[in-house]
Amino acid sequence: MHVPVFRSADPLYVVIVQDTNAESILQNWVRDNKIKFVIITGNRMMLHHQQAFDQLLVMWPHSWKMLTVWDTWNRRHIYI
């Protein structure tokens, strides 16, 4: 029987922003919304807390077309 291993370092969601200023956009959004448990690398933002993702859905000020979200637990894209 295979038992899945919980790895606390793995993000719940990976948000990818398709924009030339993606890193700046993400950093500003995290700062403005006081998001915790997040890592930003280039155009990718790794969210480690469900509340951060919920806040993204409510408070994202830019176009939804620029976002791609990967759900790491269910291994699927989330289309917003």
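Bear in mind these aren't lab numbers, they're just calculated from the coordinates by the rules spelled out. Remember, predicted model here, so these are calculated numbers, not experimental data. Backbone-built Cβ (ideal geometry, glycine too); neighbour counts: all protein chains shown.
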Keeping to region 49-69, report how many residues are surrounded by 17 or more Cβ atoms within 10 Å (Cβ to Cβ) and either in a strand (DSSP E or B) or basic (K, R) (or both). 2
From (1) in contact (Cβ under 8 Å) with a residue 60 or more places away in the chain; (2) farther than 17 Å from A9 by Cβ, pick out the condition that doesn't hold for W73. (2)
All conditions in (1) exposed (fewer than 14 other Cβ atoms within 10 Å of the Cβ); (2) not in a loop (DSSP other than H, G, I, E, B) are true of M46 except (1)
Limited to region 51-80, what total is found for residues that are among the hydroxyl-bearing types (S, T, Y) and over 14 Å from L26 (Cα atoms)? 2
